[in-house]
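Note sheet for the following structure.
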Amino acid sequence: MTTLPARGADQALQMAPAGHSRDRRGSPIPTAGMIATRIMELRKRRGLMIALIVMNIGLPAVFLLIRLLAHAFAPYANPPAGGSMIFVVLAAGFLPTFGFIVATTAGCTAGSRDLTEGMFRHLVVTGRSRLALYLARIPAGLAIVVPLVAIGYTIVCAVCVFAAPAFIDDSNVNIPPGLSRAGFEHWARDHAEPIICSLGNGPVPGNVACPGPPPWSKSAVTPGQAAPAAVEALAIKIAKNDYPGYTAISRYPPNSLMIEAGLWIELQAAVVFIVGLGLASLMGQRTVPVILLIVFQIILTPILSAISIPHLQDLQRSLVGLAVAHLEPSGLPMAAALPGVTGGVGRPGAAQALLPESATQAVCVILAWLAFWTILGAWRMMTRDA
């Protein structure tokens with residue numbers, strides 16, 4: 001008995017042009033399945049994932065937990081766990097360093113895994129485009145790096161906001177927040193001695209006994225005490241001059257600063273991941289690229305960014321670390337490498353200590369680095385012998 005093909009199938013066969021292949025394995029565009037497979041391959045490396053979680057989430061969480069417990073059990077000896085100052089130190093110095101290490105490790109692992117584990121030949125024989133195999137690693141790695149950095153940063157922001165001190169610390173004077181100018185002057189009149197001793201620039205009157213620094217309790221605003229009229233007048237005068245500085249102090253970081261700082265930290269992590277991916281693909285291993293990136297970012301970049309070398313300034317401006325530093329939010333102090341080890345944290349708006357560079361130049365440098373290392377890493381993968 002002879003059967004005839006269905007009409008729909010017959011039409012499909014007639015519509016297909018001669019010599020046309022329906023095999024999409026040669027497409028350079030990675031599919032969702034390829035990306036999901038790359039994500040699963042990285043997630044299955046338990047040692048790597050544990051190290052990344054401990055570095056970017058565990059260390060900040062443990063640090064803040066110790067501060068929370070210390071202030072809960074001994075509030076007069078330990079400051080509150082949160083606040084604007086803690087946020088600035090972590091967001092400007094430690095979190096970018098932790099994110100850099102996480103992104104470097106993940107990028108170099110993703111770029112060299114197939115070679116170090118002997119899986120590259122098996123990927124090639126599938127017929128998939130090598131370019132697609134390489135490009136699939138970028139969204140797959142970022143799908144792991146970006147959430148890890150975001151979770152650690154969210155923990156820091158939450159503690160800095162909800163565990164912030166209940167007072168304004170202005171030169172070791174604990175002042176209630178949100179006072180108007182008149183309210184601030186009235187409060188200064190009732191607390192003349194600490195105002196004169198800590199906020200005054202002139203000589204302290206002989207009848208004023210300066211107390212020591214106040215304790216760190218959340219209720220550490222001392223009650224008002226009567227003072228001579230001349231002392232009260234001096235305190236009010238000092239308060240009038242200090243009110244702009246009082247209003248500029250925040251108990252916890254502003255929402256705009258937290259958003260900008262979070263995006264900046266994520267940008268740095270994404271850039272480092274893509275650069276590490278390309279470098280590891282070029283070299284075919286993980287250890288040496290990790291070491292090179294750490295030395296380049298933590299040691300060489302801070303030195304070359306702060307020192308102007310004649311006739312080499314354009315070359316210095318081509319450093320991606322300098323470009324990312326110029327995009328740092330103005331509300332954060334400039335951090336040079338790892339605080340306390342190879343650099344330090346400067347005052348807010350201290351970007352002028354870096355080699356001058358416009359924001360447009362910085363963006364162009366970052367895009368150039370991303371394109372260069374992506375092209376170089378993909379080229380090496382496409383030309384490597386299976």
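The values are calculated or read from the model by the stated rules, or taken from the named source; none is laboratory data. Remember, predicted model here, so these are calculated numbers, not experimental data. Glycine gets a Cβ as well: all are built from the backbone with ideal geometry, and neighbour counts include every protein chain shown. When the accessible area is computed, the model is the full protein with side chains, heavy atoms only, and any ligands, DNA or RNA have been set aside. Shrake-Rupley method; radii C 1.70, N 1.55, O 1.52, S 1.80 Å.
I need the full set of residues from segment 142-167 which are open to solvent by less than 10 Å² (accessible area, probe 1.4 Å) and touching a helix residue (DSSP H, G or I) at 6+ places or on another chain (Cβ under 7 Å), in order please.
Val145, Val149, Gly152, Val156, Cys160 - these are the residues of segment 142-167 that are open to solvent by less than 10 Å² (accessible area, probe 1.4 Å) and touching a helix residue (DSSP H, G or I) at 6+ places or on another chain (Cβ under 7 Å).
Quickly run through segment 98-117 and pick out the residues that are of a type in the set (Val, Ile, Thr) and open to solvent by less than 10 Å² (accessible area, probe 1.4 Å).
Answer for segment 98-117, where residues must be of a type in the set (Val, Ile, Thr) and open to solvent by less than 10 Å² (accessible area, probe 1.4 Å): Val102, Thr104, Thr109.
Inspect segment 303-321 for any residue being in a helix (DSSP H, G or I), open to solvent by less than 30 Å² (accessible area, probe 1.4 Å) and of a type in the set (A, V, I, L, M) and give the result as yes or no.
yes
From the list Gly349, Gly343, Gly331, which one is open to solvent by less than 40 Å² (accessible area, probe 1.4 Å), modelled with pLDDT under 50 and closer than 22 Å to Ile249 by Cα?
Testing whether each residue is open to solvent by less than 40 Å² (accessible area, probe 1.4 Å), modelled with pLDDT under 50 and closer than 22 Å to Ile249 by Cα leaves just Gly349.
Being open to solvent by less than 80 Å² (accessible area, probe 1.4 Å) and modelled with pLDDT of 80 or more narrows it down to one of Ile238, Ile196, Ile249, so name that one.
The conditions single out Ile238.
Which helices (runs of 4 or more DSSP H) does segment 40-125 wholly contain that include 1 or more residues that are at pLDDT 90 or above and under 20 Å from the mean Cα position of the chain (by Cα)?
By residue number, 46-53, 59-73, 84-89, 95-116.
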